[in-house]
Amino acid sequence: MNSAKVLIFDDDADILQICTIVLKKKGLAVHTEMSSENLLEKVSRHSPSVILMDNKIPGMDGVTATRMIKENEASKDIPVIFFSANTDVAKMSEEASCDFYLQKPFDINELETIVMKALKLS
């Protein structure tokens, strides 16, 4: 289980910290990035088992970033959880070809559940 790696793209330091604490308690390795600059290089470097993608992030937006991940042969099979405070998070997630989505603000249990589901551990 502890071989699973989560890569989180979000520019909110508080959200990154909360997600890191919660997911590390679940035995996951957590890596965070505060921008989507050099996106594919970051994904390649961290080799994540799952990606959490915020929509409003420096660099390209989350929808564009997720499409890039999904169109790339090396990263297309990595589950992406789109998470945003945008009221259209479900629609945006679908446009981006995300596997899952999480509406912000979210509850800690929701975060744990969706990450475990994405990792096929629940």
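In the stretch 4-44, of all residues being under 18 Å from N109 (Cα atoms), in contact with an Asp or Glu (Cβ under 9 Å, 6 or more places away or on another chain) and of a type in the set (A, V, I, L, M, F, W, C), the one that is surrounded by the fewest Cβ atoms within 10 Å (Cβ to Cβ) corresponds to V22. Among the conditions (1) at negative phi; (2) part of a loop (DSSP other than H, G, I, E, B); (3) loosely packed, with under 14 Cβ neighbours inside 10 Å, K120 misses just one, which is (1). Being at pLDDT 95 or above, under 20 Å from V30 (Cβ atoms) and either assigned to a loop (DSSP other than H, G, I, E, B) or charged (D, E, K, R) (or both) is a property that I78 has.
Quick one: how many residues across the stretch 16-63 are assigned to a helix (DSSP H, G or I) and in contact (Cβ under 8 Å) with a residue 12 or more places away in the chain?
14
Identify the residue in the stretch 94-117 that is touching a residue at least 12 places away in the same chain (Cβ under 8 Å) and assigned to a helix (DSSP H, G or I) and, among all such residues, is surrounded by the fewest Cβ atoms within 10 Å (Cβ to Cβ). Residue satisfying both the conditions and the ranking: I108.
The values are calculated or read from the model by the stated rules, or taken from the named source; none is laboratory data. From a predicted model like this one, the values you see are computed outputs, not experimental measurements. No Cβ is skipped: glycine too gets one built from the backbone with ideal geometry, and neighbour counts run over all protein chains shown.
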